[in-house]
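Let me begin by presenting the structure, written as structure tokens, before commenting on it.
The values are calculated or read from the model by the stated rules, or taken from the named source; none is laboratory data. Just so it is clear, the model here is predicted, and its values are computed rather than measured. With ideal geometry, Cβ positions are generated from the backbone for all residues, glycine too; neighbour counts draw on all protein chains shown.
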Amino acid sequence: MSTEPPARRRSNGDIWPVNDLKPTATMRKHKTLFEKIFDRHVIIERESGDALLFIDRHLIHDLHFRAFAELKASGHAIRRPDLLFATPDHSIPTTARTLSDIPPGEMRETVETLQQSAEKLGFTHFDMTDDRHGIVHVIGPEQGITLPGLVLVCGDSHTSTHGALGCVSFGIGATEVRHVLVTQTLWQRRPKTMRITVDGILGPGVTGKDVILTIISHIGASGGTGYAIEYAGSAIRSLSMEARMTISNMTIEAGARSGIIAPDDHTYDYLYGRSYAPEGSKWEEALAYWKTLPSDEGAAYDREISIDAAAVEPTVTWGNSPQYAVGIGGVIPDPAAEADPLKRADMVSALEYMALTPGTPVSNIKVDKVFIGSCTNSRIEDLRAAAEIAKGRQAVVPTLVVPGSGLIKKQAEKEGLDQIFSQAGMQWREPGCSMCVAINGDSLAPGERCASTSNRNFRGRQGKASRTHLVSPAMAAAAAVTGRFTDVRSLD
Amino acid sequence: MPAIEPFKRFSAVAVPIDITNCDTDQIIPARFLRRPKDDPDYPTFLLHDLRFASDGTETEFIYNRPPYRGGRIVVTDVNWGCGSSREAAVDALRANLIRSVIAPAFGDIHYGNCIKNGVLPVRLTAEACEKLRLLLHQSPGATISIDLPAQCVTGPDGQRYQFEIESLDKQRLIHGLDDISLTLEHETKISAFEREYLANNRWLIPKASV
């Protein structure tokens, strides 16, 4: 089936056989949403399942600041600067408004290098003084850079976020970042497919964050490894775009690189009129295509999971993997009850690290700090939910509120949310990743316990020897005003 | 970029790391991510917070103890390298001359990063990994042999374990291939696809910067 000229084959001999190329159109009759998008982007596919995909959007952040010098050193150029979008997020202090506010050193060099590279190489860069800057996974959708039907990549594992808009998006490593910069393509193995159906109605005080934490505790931190996940069901369809992004965002914490949700009227309403979204006749063309994307009736998945929305509770993690989560009404589990000896040992060691005792009610656990922010939960809806709890109350522990973008910050200020947070004694900061990854100056002291709306409770994630519990924004605010984990439904 | 060393057959002292879900934040803490790869301290970044106390002194962590310290193969538990996509996790392995990690399952992104940097991720069953770790604990300094062309691991007791690896990944490792130059051989196809695809999907080109 090869259409490759023999001359090409000779250049790499048997090392990289190109004689097993098959036609890009696959023969399956009923396709999933993921397969429809994947197939449309296949330039070459091997019998082995390895496909060379065209990449529609490439997002980049400050931690890849060395990529451009490396490209120069290897004599390569950026193939499609028009499809590349950059913003600093990991390394910006949340007290800094401009580059010169960043103390000289590693952080400033990182942010500055990205900015200079953008100016020199001609790709779009939202700098610190531009209201459109923020966390890369927040601004992609916000600017309409992320659209349904795309293949979007970024050198960051939480790129799964963008799948909430109905695109195939996944995180890549630094070598792959360079590959995309040079070729605008990427070799990918066709993943297995998993559909997670969440049906029913979420109870009051229960959010997208609680849904995804429940899913991860159900399938495990490696339950999604090798799969592309699609979220479906009446509960997902009823969720806002912000809540959907929270769910797709944490897909990687279940081991899957990609978590997609079929585009619908929520998606189209969210995108219409955004800066980089198509307009006029192009919008109409796009819309006609997007409406063909939802999975076909009868499309087969390699694995199917069902979750009852009504059973999801406000959830708190207790260990060093997002899979270790319990409802707010629960207690810290006893490793002795775990049959698998390795998992038991892991639980024992997590409890030791977290300084927790089996049987302790979650609502008895006191926190030292609260962090509201990150690509998981820093959107306007998240801030509104936190403000609703903070309103008229006082934080009893230090609390950091970090909006996901400059535009979200402005919107929150327009709504007076900043005033609510300030009056509650919480700190209202400039946008960025902040204390989710804790390399911008915001971090916990050793041993400190934090209620955090971020995505990872790994050891040392929020600072050396830090102790992180993942929760929703409302639950984080409830912890801030009571000093311990508190059922948000018990606060009027 | 340092060239990728081809991987064919390799024998070395192996170190057992009994950690479930050993995420990339543990493999290399985020505060080291802005450091250049040629930083002379790079080898110390690997599993840093497990290996060093806050005063900088070495802990009792197994990788600090001879003869494990010179180990160039890691045997660990499920979901090694989950979490962040940071390729620095592989850079930290390479800085310590570690050439293979054996585990029941890997984080997907980390697995790919290993392949692209000449580090062989080997998937064996949880039982096999547990047995190998036990043997390595019992006989410090014991070696493991890996034959990639034969897709076979030989434990310190001589027991052989076959493993699966996708054919393309195997070729990448055996020949130390660089994806960019290989992809560029398909330039004609890429250009043709790009032209037709973008012409048929005008809405895909982002509006010019406002």
Checklist entry - Only one of A:Gly273, A:Gly259 is at pLDDT 95 or above and buried (at least 17 other Cβ atoms within 10 Å of the Cβ); which? => result A:Gly259
Item to check | Extreme residue, farthest from A:Trp187 (Cα to Cα), among residues of the stretch B:116-156 that are out of contact with any Phe, Trp or Tyr (no Cβ under 8 Å at 6 or more places or on another chain) and small (Gly, Ala, Ser) | outcome: B:Ser139
Checklist entry - What pairs can you find where one residue is in the stretch B:181-210 and within 30 Å of B:Ile4 (Cα to Cα) and within 7 Å of chain A (Cβ to nearest Cβ), the other is in a loop (DSSP other than H, G, I, E, B) and aliphatic (A, V, I, L, M), and their Cβ atoms are less than 9 Å apart, with a gap of 6+ or different chains? => result B:Leu182/A:Ile15; B:Glu185/A:Val18; B:His186/A:Val18
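Please go through the stretch A:436-459 and pick out each residue that is closer than 21 Å to A:His61 by Cβ and in a loop (DSSP other than H, G, I, E, B).
First, pick out the residues of the stretch A:436-459 that are closer than 21 Å to A:His61 by Cβ: A:436-443, A:452-456, A:458.
Matches in the stretch A:436-459: A:Val437, A:Ala438, A:Ile439, A:Asn440, A:Gly441, A:Asp442, A:Ser443, A:Thr453, A:Ser454, A:Asn455, A:Arg456, A:Phe458.
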Checklist outcome for this item: Of the conditions (1) among the small types (Gly, Ala, Ser); (2) closer than 23 Å to A:Gln323 by Cα; (3) surrounded by fewer than 17 Cβ atoms within 10 Å (Cβ to Cβ); (4) without any contact (Cβ under 8 Å) to a residue 40 or more places away in the chain, the single one that A:Gly447 does not satisfy is (4)
Checklist outcome for this item: Counting only residues in the stretch A:276-295 that are facing another protein chain (nearest Cβ under 7 Å), buried (at least 19 other Cβ atoms within 10 Å of the Cβ) and not hydrophobic (A, V, I, L, M, F, W, C), the one farthest from A:Glu242 (Cα to Cα) is identified as A:Pro278
Item to check | Among the residues listed as A:Leu121, A:Leu165, the single one being modelled with pLDDT of 95 or more and farther than 30 Å from A:Gly208 by Cα | outcome: A:Leu121
Item to check | Tally of residues being touching a helix residue (DSSP H, G or I) at 6+ places or on another chain (Cβ under 6 Å) and either closer than 18 Å to B:Arg133 by Cβ or of a type in the set (Asp, Glu) (or both) across the stretch B:104-114 | outcome: 1
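Quick check on the stretch B:170-180: of everything there that is touching a helix residue (DSSP H, G or I) at 6+ places or on another chain (Cβ under 8 Å) and within 9 Å of chain A (Cβ to nearest Cβ), which residue is surrounded by the most Cβ atoms within 10 Å (Cβ to Cβ)?
Restricting to residues being touching a helix residue (DSSP H, G or I) at 6+ places or on another chain (Cβ under 8 Å) and within 9 Å of chain A (Cβ to nearest Cβ), the top hit is B:Arg172.
Pick from A:Glu47, A:Glu35: which is closer than 26 Å to A:Arg189 by Cα, more than 8 Å from every other protein chain (Cβ to nearest Cβ), touching a residue at least 24 places away in the same chain (Cβ under 8 Å) and over 27 Å from the mean Cα position of the chain (by Cα)? Break it down into steps so the answer makes sense when it comes.
Values: A:Glu35 fails: over 27 Å from the mean Cα position of the chain (by Cα).
Checking each option against the conditions leaves just A:Glu47.
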Checklist entry - Restricting attention to the stretch B:65-79, which residues are in contact with a helix residue (DSSP H, G or I) (Cβ under 7 Å, 6 or more places away or on another chain), under 28 Å from A:Ala221 (Cα atoms) and not in a loop (DSSP other than H, G, I, E, B)? => result B:Val75
Item to check | Failed criterion for B:Leu93 (all others in (1) within 11 Å of chain A (Cβ to nearest Cβ); (2) within 18 Å of the chain's Cα centre (by Cα) hold) | outcome: (1)
Next on the checklist: Pairs needed: first member in the stretch B:41-69, of a type in the set (Lys, Arg); second member anywhere, assigned to a helix (DSSP H, G or I) and surrounded by 14 or more Cβ atoms within 10 Å (Cβ to Cβ); C-beta distance under 6 Å; at least 6 residues apart or different chains.
Outcome noted: B:Arg51/B:Asn64
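Is the stretch A:49-61 home to any residue that is aliphatic (A, V, I, L, M), over 18 Å from A:Thr146 (Cβ atoms) and buried (at least 17 other Cβ atoms within 10 Å of the Cβ)?
Taking the stretch A:49-61 and keeping what is aliphatic (A, V, I, L, M), we get A:51-53, A:55, A:59-60.
Still in the running and over 18 Å from A:Thr146 (Cβ atoms): A:51-52.
Next cut, buried (at least 17 other Cβ atoms within 10 Å of the Cβ) only: A:51-52.
Yes, there is a match, as at least one residue in the stretch A:49-61 is aliphatic (A, V, I, L, M), over 18 Å from A:Thr146 (Cβ atoms) and buried (at least 17 other Cβ atoms within 10 Å of the Cβ).
Does B:Arg86 satisfy the condition of being closer than 29 Å to A:Thr251 by Cβ, part of a loop (DSSP other than H, G, I, E, B) and out of contact with any strand residue (DSSP E or B) (no Cβ under 9 Å at 6 or more places or on another chain)? It would help to see each step written out before you state the result.
Working: closer than 29 Å to A:Thr251 by Cβ: yes; part of a loop (DSSP other than H, G, I, E, B): yes; out of contact with any strand residue (DSSP E or B) (no Cβ under 9 Å at 6 or more places or on another chain): yes.
The answer is yes for B:Arg86.
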Checklist entry - Out of (1) surrounded by 14 or more Cβ atoms within 10 Å (Cβ to Cβ); (2) touching an Asp or Glu at 6+ places or on another chain (Cβ under 6 Å); (3) within 11 Å of chain B (Cβ to nearest Cβ); (4) modelled with pLDDT under 95, the odd one out for A:Val111 is which? => result (4)
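Return the residues of the stretch A:254-275 that are facing chain B (nearest Cβ under 8 Å) and under 22 Å from B:Gly107 (Cα atoms); say none if nothing qualifies. Please lay out each step first, then the result.
Taking the stretch A:254-275 and keeping what is facing chain B (nearest Cβ under 8 Å), we get A:255-257, A:275.
Answer for the stretch A:254-275, where residues must be facing chain B (nearest Cβ under 8 Å) and under 22 Å from B:Gly107 (Cα atoms): A:Gly255, A:Ala256, A:Arg257.
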Item to check | Filtered residue count, the stretch B:107-133, keeping only those that are within 17 Å of B:Ala88 (Cβ to Cβ) and either touching a His at 6+ places or on another chain (Cβ under 6 Å) or more than 10 Å from every other protein chain (Cβ to nearest Cβ) (or both) | outcome: 3
Next on the checklist: Which count do you get for residues in the stretch A:460-492 that are over 19 Å from B:Asn21 (Cβ atoms), touching a residue at least 40 places away in the same chain (Cβ under 8 Å) and not in a helix (DSSP H, G or I)?
Outcome noted: 8
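When the residues of the stretch A:271-310 are narrowed to those that are assigned to a helix (DSSP H, G or I) and touching a residue at least 12 places away in the same chain (Cβ under 8 Å), which ends up nearest to the chain's Cα centre (by Cα)? Steps first, please.
So the first thing to find is which residues in the stretch A:271-310 are assigned to a helix (DSSP H, G or I), and the list is A:271, A:280-290, A:309-310.
From the residues that got through so far, the ones that are touching a residue at least 12 places away in the same chain (Cβ under 8 Å) too are A:271, A:286-287, A:289-290, A:309-310.
Numbers: A:Leu271: 18, A:Ala286: 25, A:Leu287: 25, A:Tyr289: 25, A:Trp290: 22, A:Ala309: 21, A:Ala310: 25 Å.
Of everything passing the filter in the stretch A:271-310, A:Leu271 is nearest to the chain's Cα centre (by Cα).
Taking the stretch B:63-88 as the region of interest, how many residues are within 14 Å of another protein chain (Cβ to nearest Cβ) and out of contact with any His (no Cβ under 6 Å at 6 or more places or on another chain)?
Applying the first criterion (within 14 Å of another protein chain (Cβ to nearest Cβ)) to the stretch B:63-88 yields B:75-88.
Filter once more, so that each one left must be out of contact with any His (no Cβ under 6 Å at 6 or more places or on another chain): B:75-80, B:82-88.
So the answer is 13.
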